[in-house]
Each structure stands twice: as C-alpha cells, then as structure tokens.
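K.L.:
Handing you a structure now.
The values are calculated or read from the model by the stated rules, or taken from the named source; none is laboratory data. Only a predicted model underlies this, so the values are computations on that prediction, with no experimental measurement involved. Please note: Cβ atoms are built from the backbone with ideal geometry, for glycine as well, and neighbour counts cover all protein chains shown.
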C-alpha cells in the first residue's frame, strides 16, 4: 500500500492501546501510519509508533446546557476544519477511528472527502462517538462478538475482529502459576487509566483485615491515584503487608502476568488483556456509566467463568475479606478461571483488524 493510513484515537490509553496495536501490525506490512489525537492524549502518545502525530481540536459533550453544547460544537467544528486540511495533505488510503469524541472530526472529514473509513468498537455497547459515526463509515470492527447498538444495516458492515493487543501484552503471555495453598499470593489492583478511588478505599482495608495466615502470604501491587497513595501505603505498612503502590505502571502487562489474581475495572483493554494473558479477576465495573459498557465487558468474562463481577455498592472490605480468604484456600478455582480467560483471548486481533483495514482501503 503506497498511501498511509490515518488512525484517530484520543482521551485515554483505552483508546490508544488498540490503535497502537494496529499501528504495529500495519507497519509490519510496510504501511505508513499517522495518528490524529487530542491534546489530552499526547501524554500517552509520545511514543506512539507513527510517522506523524497530529493534534486535532476536540471536546466531549459533558452537559446539555446551551453554553456547553455551543462550546463543544465550536471545538468539533475547529477540529473538522483542521482534519479536512490534514486528510487533504496526507491523502490516506483509509481513516480508522477508535472511539471517543477526538475521532469524530477526522472521520467526518474523511467521509466528506470520499476516503474509506472504519471504526473499531472495543466494548460490548456501541459508544456515543461511534454511534454518531457508525452510519457514515465504510466498515466496523468489533472487539466483542455481540455489541448492543449494532443491528440492521450497521450489523451488515460489522466484523468481529477482537480487541487489538499491544506487543507488550503479547510478550507477557506465560502459563498461569497456580499459587500453593500455603505459599505466596500475588495480588494486582488496577483502576483503569484514570485510577479508581474505590480500590484505595476497599482493598487495603480488606487485606489488613485478613486472618494472619493469609495476610502473611499476600503481596500487593496497586495502581492508586496520587491523592490516595499515602493512605494506601500507610494501610499496608500498618498491616505488615508488602505492597508497591504507584499512580502508573509502565510494565502493567508483565505485572498482570505475574499476578495470581487481578482486581480492577472492566474497560475493554483491561478485559482483553486479562483474556489474552489468561488471569483470573474480580471486576468492579464503573457505576453510573450512561452506556454501562464496563458491565457488558465484565459479563463476557463472567459468563465464561473467567472472572467475578461485583457491583461497586457491594464491593466492601467485608466482601473482599471473604472472597480473598476463599480464593487463597481454593487455588484450583483460580487456575480454572485463568484457563477460561485464556480461551477467550484473541491474540491475533490486531492482524485481523489490519486485514479489514487493508481490504476496506482497497475498495
């Protein structure tokens, strides 16, 4: 393919990680890749494997007040005009969006200019930005087998490819090391790219309340918000528990692979990485989400016996003390869950999506 592919992603690592995986797969085929993103995402995207990274003005509609709607439309309008100029300059063979409002201006610009377009929906529910774009794009790739909101003509142009996985995740794949009933137990706690305060509220208190024989075995790695770090570290130290708490882990895939159990949110990237690496988990979907996408994602693992889904209102120290005590006693169930997760993983999702992209670009 002589012309480049333009990827559009922004906001968080949840959008950029699958875009990164596709970029690597396309580059291996000799395709030049460019990335359009917003200013927020540049902190994640500095090392993105692209020939060029192009900031595009954007905004997320957070309120229905006239002033907020006007400000959002103004930002998207500026983004659209800049995207038109970018698409005309790059002359891409296709433009691919990964969700979030920063994808809207580049995809609309490409559609208006007659460039083939694709979106990838990572979640089990079609997101708001992708809902705006789905009727206009040429093709749709999905991370889940079933996606709520895709029916009729939209379903006809959709293909299940899985969620593209970063090379670091593929490199971390190792067989599950079932913990010995009396040996060390490694617990990983994550909260998504933005962290989750509930994890710092619940997990340190639960670990501190474990019976002494379990508390002596456990070692914790926890992603915590900066404002929660000191109290999380202090709680573990007071309980005599070895713990490493940081706002961000650059080697998170390796830490997932090293864990006997993962506790976290249920973002699409998290769920896909747990499946590909094959690790058991307790998932606490983000509550009050308009689309309930994380609940849908978590359900896909729970139905297969790979995870346990817990409503945040029920995710209490008392609950977690009971479940950790049960799991640390019945380690065979952890191995069964790890194997169930592994069977759901699609390690070649990036290649599958790259096939769809190149087919669409060639039309």
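K.L.:
The conditions are (1) out of contact with any helix residue (DSSP H, G or I) (no Cβ under 8 Å at 6 or more places or on another chain); (2) not in a helix (DSSP H, G or I), and residue 279 fails exactly one of them. Which is it?
P.N.:
All conditions are met except number (1).
K.L.:
Let me ask you something else. Would you confirm, using the coordinates I've provided, whether residue 136 is touching a strand residue (DSSP E or B) at 6+ places or on another chain (Cβ under 9 Å), outside any loop (DSSP other than H, G, I, E, B) and not assigned by TED's automatic domain parsing to the domain that holds residue 274?
P.N.:
Details: touching a strand residue (DSSP E or B) at 6+ places or on another chain (Cβ under 9 Å): yes; outside any loop (DSSP other than H, G, I, E, B): no; not assigned by TED's automatic domain parsing to the domain that holds residue 274: yes.
Spelling it out, it is not the case that residue 136 is touching a strand residue (DSSP E or B) at 6+ places or on another chain (Cβ under 9 Å), outside any loop (DSSP other than H, G, I, E, B) and not assigned by TED's automatic domain parsing to the domain that holds residue 274.
Table: residues versus (1) at pLDDT 95 or above; (2) part of a helix (DSSP H, G or I); (3) farther than 30 Å from residue 363 by Cβ.
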position	(1), (2), (3)
6	yes, no, no
16	no, yes, no
20	no, yes, no
53	no, no, no
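K.L.:
Which of the residues belonging to the stretch 58-97 are closer than 16 Å to residue 111 by Cβ and out of contact with any helix residue (DSSP H, G or I) (no Cβ under 9 Å at 6 or more places or on another chain)?
P.N.:
Restricting attention to the stretch 58-97, the residues satisfying the condition of being closer than 16 Å to residue 111 by Cβ are 76-77, 79-88, 90-97.
Of everything in the stretch 58-97, those that are closer than 16 Å to residue 111 by Cβ and out of contact with any helix residue (DSSP H, G or I) (no Cβ under 9 Å at 6 or more places or on another chain) turn out to be 90, 91.
K.L.:
Which count do you get for residues in the stretch 20-37 that are more than 14 Å from residue 52 (Cβ to Cβ), crowded, with 24+ Cβ neighbours inside 10 Å and either out of contact with any helix residue (DSSP H, G or I) (no Cβ under 7 Å at 6 or more places or on another chain) or not assigned by TED's automatic domain parsing to the domain that holds residue 89 (or both)?
P.N.:
Total satisfying the criteria: 1.
K.L.:
Hey, among 131, 82, 88, 78, which residue is more than 16 Å from the chain's Cα centre (by Cα) and more than 19 Å from residue 36 (Cα to Cα)?
P.N.:
On the way: 82 fails: more than 19 Å from residue 36 (Cα to Cα); 88 fails: more than 19 Å from residue 36 (Cα to Cα); 78 fails: more than 19 Å from residue 36 (Cα to Cα).
When all the criteria are applied, what remains is 131.
K.L.:
Given (1) crowded, with 17+ Cβ neighbours inside 10 Å; (2) under 22 Å from residue 122 (Cα atoms); (3) more than 19 Å from the chain's Cα centre (by Cα), identify the lone condition not met by residue 304.
P.N.:
Condition not satisfied by residue 304: (1).
K.L.:
With respect to residue 150, is the statement that it is within 23 Å of the chain's Cα centre (by Cα) and in a helix (DSSP H, G or I) true? It would help to see each step written out before you state the result.
P.N.:
Details: within 23 Å of the chain's Cα centre (by Cα): yes; in a helix (DSSP H, G or I): no.
Considered against the rule, which asks whether it is within 23 Å of the chain's Cα centre (by Cα) and in a helix (DSSP H, G or I), residue 150 comes out as no.
K.L.:
A further question on this structure: Among the listed residues 318, 289, 313, 304, which satisfies the condition of being modelled with pLDDT under 95 and not assigned by TED's automatic domain parsing to the domain that holds residue 145? Spell out the reasoning first.
P.N.:
Details: 318 fails: modelled with pLDDT under 95; 313 fails: modelled with pLDDT under 95; 304 fails: modelled with pLDDT under 95.
Matching residue, one of 318, 289, 313, 304: 289.
K.L.:
Scan the stretch 317-336 and report the pairs whose first residue is over 22 Å from residue 201 (Cβ atoms) and whose second residue is at pLDDT below 95, with Cβ atoms within less than 8 Å and a gap of 6+ or a chain change.
P.N.:
What qualifies is 329/181; 331/180; 331/181.
Per-residue answers, yes or no, for (1) surrounded by 17 or more Cβ atoms within 10 Å (Cβ to Cβ); (2) touching a residue at least 60 places away in the same chain (Cβ under 8 Å):
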{"residue": "257", "(1), (2)": "yes, yes"}
{"residue": "263", "(1), (2)": "yes, yes"}
{"residue": "278", "(1), (2)": "yes, yes"}
{"residue": "283", "(1), (2)": "yes, no"}
{"residue": "298", "(1), (2)": "yes, no"}
{"residue": "312", "(1), (2)": "no, yes"}
{"residue": "315", "(1), (2)": "yes, yes"}
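K.L.:
If you take the residues in the stretch 201-234 that are closer than 18 Å to residue 252 by Cα and not in a loop (DSSP other than H, G, I, E, B), which one is modelled with the lowest pLDDT? Break it down into steps so the answer makes sense when it comes.
P.N.:
Just the residues of the stretch 201-234 that are closer than 18 Å to residue 252 by Cα, to begin with: 219-226, 229.
Those left that are additionally not in a loop (DSSP other than H, G, I, E, B): 219-223, 226, 229.
Values: 219: 98, 220: 98, 221: 98, 222: 97, 223: 95, 226: 89, 229: 93.
This residue is 226.
K.L.:
Suppose we filter 287, 253 for residues that are part of a loop (DSSP other than H, G, I, E, B), in contact with a helix residue (DSSP H, G or I) (Cβ under 8 Å, 6 or more places away or on another chain) and either surrounded by fewer than 22 Cβ atoms within 10 Å (Cβ to Cβ) or on the phi < 0 side of the Ramachandran plot (or both); which single one remains? Steps first, answer last, please.
P.N.:
Working: 253 fails: part of a loop (DSSP other than H, G, I, E, B).
Exactly one of 287, 253 is part of a loop (DSSP other than H, G, I, E, B), in contact with a helix residue (DSSP H, G or I) (Cβ under 8 Å, 6 or more places away or on another chain) and either surrounded by fewer than 22 Cβ atoms within 10 Å (Cβ to Cβ) or on the phi < 0 side of the Ramachandran plot (or both), namely 287.
K.L.:
In the stretch 328-335, is there at least one residue being at pLDDT below 95, in a helix (DSSP H, G or I) and surrounded by 15 or more Cβ atoms within 10 Å (Cβ to Cβ)?
P.N.:
yes
K.L.:
Out of 57, 92, report the one residue that is in contact (Cβ under 8 Å) with a residue 40 or more places away in the chain, buried (at least 19 other Cβ atoms within 10 Å of the Cβ) and assigned to a loop (DSSP other than H, G, I, E, B).
P.N.:
Values: 57 fails: buried (at least 19 other Cβ atoms within 10 Å of the Cβ).
On inspection, the qualifying residue turns out to be 92.
K.L.:
Which of the residues spanning the stretch 290-309 are out of contact with any strand residue (DSSP E or B) (no Cβ under 6 Å at 6 or more places or on another chain), more than 12 Å from residue 344 (Cα to Cα) and not in a helix (DSSP H, G or I)?
P.N.:
Within the stretch 290-309, 290, 292 meet the criteria.
K.L.:
Further question: Just to verify a result, which residue in the stretch 147-171, among those that are surrounded by fewer than 20 Cβ atoms within 10 Å (Cβ to Cβ) and touching a helix residue (DSSP H, G or I) at 6+ places or on another chain (Cβ under 8 Å), is farthest from residue 250 (Cα to Cα)?
P.N.:
Looking at residues that are surrounded by fewer than 20 Cβ atoms within 10 Å (Cβ to Cβ) and touching a helix residue (DSSP H, G or I) at 6+ places or on another chain (Cβ under 8 Å), I get 154.
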